[in-house]
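What follows is a set of notes on a single structure, which appears directly below.
Just so you know, all these numbers are worked out from the coordinates, no wet-lab data involved. Since the structure is predicted, the reported quantities are computational estimates derived from the model, not experimental observations. Heads up, the Cβs are rebuilt from the backbone with ideal geometry, glycines too, and the neighbour counts pull from every protein chain shown.
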Amino acid sequence: MPFTIAIDGPAASGKGTIARAISRRFGFHHLDTGLLYRAVGAKGGDPILAAEGLSAEDLARSDLRTNEAGQAASRVAAIPEVRAALIEFQRRFAVLEPGAVLDGRDIGTVICPEAELKLYVIASDEVRAGRRATELGADPAETLAALRERDARDSARATAPLRPADDAVILDTTDMSITEAVSRAIVEVQTRRR
Ligand code: DC
């Protein structure tokens, strides 16, 4: 039986870092689902057709990590047909042996409601903006405004809004180092794998 880990949370909360570390630690596959929406947004044209025809090449673009690509992703992610076009790929990925870690916004609630572990990673707005601004070499105040705009849109949309699953473990990384956050997540996995 594959072991599926769903990691959700707002932008720059640390979920990607935790997902990568956990997948390495347990030898699991990792899918950054935000990248799918970023690639759809960056492709331009009709977002529904872009989602339906998404290729490995689209996902390998070098311009998907910017604040602008994040905003475009958040806009196309509110379109139900775009989300529907990406569901099957994510669900197939989630059952890869020996296990899979998916990070995003709706993994625990919509994509993998049966995941063995659901983590919902949060951090204060200021800490998240600081981390993302450092990573991108961007202005902290602009980054804070962009994150808040994106979180508001991602939380308010009608289809698969950002929210924790009822049985998600909430991990607040505001005052945690990466090592501490990863250790906490590893303990949650180990508890459930016994
Ligand atoms: O995780 P990220 O910052 O790369 O995500 C970019 C945007 O994609 C995010 O603002 C909302 C959307 N997204 C989503 O709606 N559902 C997901 N599972 C992942 C991302």
key: Hey, Ala69 in contact (Cβ under 8 Å) with a residue 24 or more places away in the chain and either near the ligand (Cβ under 9 Å from one of its atoms) or farther than 18 Å from Ala39 by Cβ (or both) or not   = yes
query = Quick one: is Ala21 surrounded by fewer than 21 Cβ atoms within 10 Å (Cβ to Cβ), in contact with a helix residue (DSSP H, G or I) (Cβ under 7 Å, 6 or more places away or on another chain) and either touching a residue at least 60 places away in the same chain (Cβ under 8 Å) or not aliphatic (A, V, I, L, M) (or both)?
reply = yes
key: Subset of region 89-130 [more than 30 Å from Pro2 (Cβ to Cβ) and surrounded by 21 or more Cβ atoms within 10 Å (Cβ to Cβ)]   = Arg128, Ala129
request  = Filter region 144-174 for residues that are in contact (Cβ under 8 Å) with a residue 12 or more places away in the chain, more than 16 Å from the ligand (Cβ to nearest atom) and exposed (fewer than 13 other Cβ atoms within 10 Å of the Cβ) and give the result.
outcome  = Asp167, Ile170
request  = Name every residue in region 55-84 that is surrounded by 12 or more Cβ atoms within 10 Å (Cβ to Cβ), part of a loop (DSSP other than H, G, I, E, B) and aliphatic (A, V, I, L, M), in order of residue number.
outcome  = Leu64, Ala77, Ala78, Ile79
task = Can you confirm whether region 184-192 contains a residue that is in a loop (DSSP other than H, G, I, E, B), touching a residue at least 40 places away in the same chain (Cβ under 8 Å) and small (Gly, Ala, Ser)?
result = no
